[in-house]
Structure formats: C-alpha cells, structure tokens
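Some notes on the structure that comes next.
The values are calculated or read from the model by the stated rules, or taken from the named source; none is laboratory data. Everything numeric here is computed off the predicted structure, so don't read it as measured data. Here the Cβ is made from the backbone with ideal geometry for all residues, glycine too, and neighbour counts use every protein chain on show. When the accessible area is computed, the model is the full protein with side chains, heavy atoms only, and any ligands, DNA or RNA have been set aside. Shrake-Rupley method; radii C 1.70, N 1.55, O 1.52, S 1.80 Å.
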Amino acid sequence: MVTLLITSFLLLAGITYALYLWQRPSSKTDAGFSLPPPPTVGLFDDDGLNEARQRELPSGETVASEQRRALLARASAGDKEALRDANATGDAALYDEVLNVLVERVDSEKSLLALVSYIARSDEHLRVNSLLAEKFIESWKASPDRNSTAAMLHIAALANNANVYQAAIETAYQFWRDRRLQQISAIELRQLIESEFWILAPAERNSGAGFVLKRKLAQLRRKLAAGKTVTSDE
C-alpha cells in the first residue's frame, strides 16, 4: 500500500515537472525546432509599399488601377492637370494614356495650342508624345508660315521619335518645294531641320530609325543647299 502511494506520488510529480518544462519559455534556441523571427516591414520598405499600392479595394480594383481610372476620367473631362499627376507616378505608359485622351478630345486649333503650351511651359518637364506631335503636324498644314514651321519641327523633335521627326521634315520640305513656305529660305529651313534633330535623345538618333532619318537629313541638306524647289521627287 505504501509502495503504491509512493509510486503514484512520484508519477504525479514527474507529470507536473514535464508540464512545467513544456510551458516554460526556453532561454536558448533548440536546434531544429526554432522558428525564424517574423519579417519586419519598415515604413518605406519597397515590398511593403508595392503591396500597399496593389492591395485590393472593396470593389476588387487595386490602388494602381483606381488611380489610372481616375486620371483617365479627369483627362476625358479636359483636366490638363491630370498630366502632372500621371507624370508624378513615374509610369510612362500611364502618362501616354492620359496625354492621348487629352489629344483625342482636341477639337480646334486653339485647344491644340493650349495643350501644347501647357506642356511646354510646365516646370515638371512634361513630355510630348507621338500622337500629339502628329496632330500638331496636321494642324500646321492648314496655315504654314515661318513661326509655325519652327514650332512644328520643335514639337516633332520633342516627341523623341525618329519616324515622327522624319515625317515632319519631309512635310516641311515638300511645302517649301511647292512654294507654300515663301517666307522661309532654303538656308533657314536647312538650319531648322538640322538644329531640331539634336533634340532627339542619343539612343533614338542611333537607332535603326535614327539611321534612316540621318540619311534623309543628308538628302534634304543637299537639296536645300542647291536651293531646289522642283515639284518632282529626285
């Protein structure tokens, strides 16, 4: 009887001690059983910031898609300030989308000039894109003169697209050749097309399209140096 009591007491003590050891926080890390500490996310951690930007809204949209939708809606309403906000995101594709919407709603020469002027006078270095440059070239054709020709070539160069700039200089030469640019001499036009060419970024000038553009510039330079105004292509 005494032996049974002693055995029961020792068993109870062992169980109690085992529970104590199991519940007590360990001061040392047992190899193979430790869990790594949870990752910390700082206030300006890139992954945390990207996750916050892409988090889903109740509607299922992400913050980025909601921002895009809002900027495009503002552009559709004619809010040119949407360009500044799109530029501030650093997303070139989004900027072009917003600018394209603004260009597509242009319905007069006055509104086109207002958009171009807004971009040119901006302190945020807003960009001209190909669609705006092409729209400006088409508008220029209605009333070409010395000042508008200089502006047209400048806007075309700012688009930083060799194909667009080539179209601009070919059109300007064609108008001059057909005597529709009486106010501009051959020397003036040559100087204009050559000087504006250097606005294009080096990478664009040295691209495949840039190589073709350089060949066209060389051809026009020779023709303008000779003062040719013939109406047939050579």
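Could you list, in sequence order, the residues of segment 177-223 that are part of a helix (DSSP H, G or I), open to solvent by 30 Å² or more (accessible area, probe 1.4 Å) and closer than 17 Å to Trp140 by Cβ? Matches in segment 177-223: Glu188, Leu192. Here segment 35-69 is the region considered, the condition is being surrounded by 12 or more Cβ atoms within 10 Å (Cβ to Cβ), modelled with pLDDT of 70 or more and not β-branched (Val, Ile, Thr), and the residue that is farthest from Asp107 (Cα to Cα) is Ala64. Taking every residue in segment 106-125 that is farther than 15 Å from Asp96 by Cα and pairing it with any residue that is in a loop (DSSP other than H, G, I, E, B) and open to solvent by less than 40 Å² (accessible area, probe 1.4 Å), at least 6 positions away or on another chain, the pairs with Cβ-Cβ distances below 6 Å are Leu112/Val106. Hey, among the residues in segment 72-84 that are free of Cβ contacts under 8 Å to residues at least 40 places away in the same chain and within 18 Å of Val128 (Cβ to Cβ), which one's most open to solvent (accessible area, probe 1.4 Å)? Selected residue: Glu81. Find all pairs meeting these conditions: Cβ atoms under 6 angstrom apart; at least six residues apart or on different chains; first residue within segment 190-217 and modelled with pLDDT of 95 or more; second residue open to solvent by 40 Å² or more (accessible area, probe 1.4 Å) and polar (S, T, N, Q). From residues that are modelled with pLDDT of 95 or more, the pairs are Leu200/Asn160; Ala201/Asn160; Glu204/Asn160; Ala209/Asn163.
Applying the criterion of being touching an Asp or Glu at 6+ places or on another chain (Cβ under 9 Å), at pLDDT 95 or above and not in a helix (DSSP H, G or I) to the residues of segment 128-173, the residue that is farthest from Phe197 (Cα to Cα) is Asn129.
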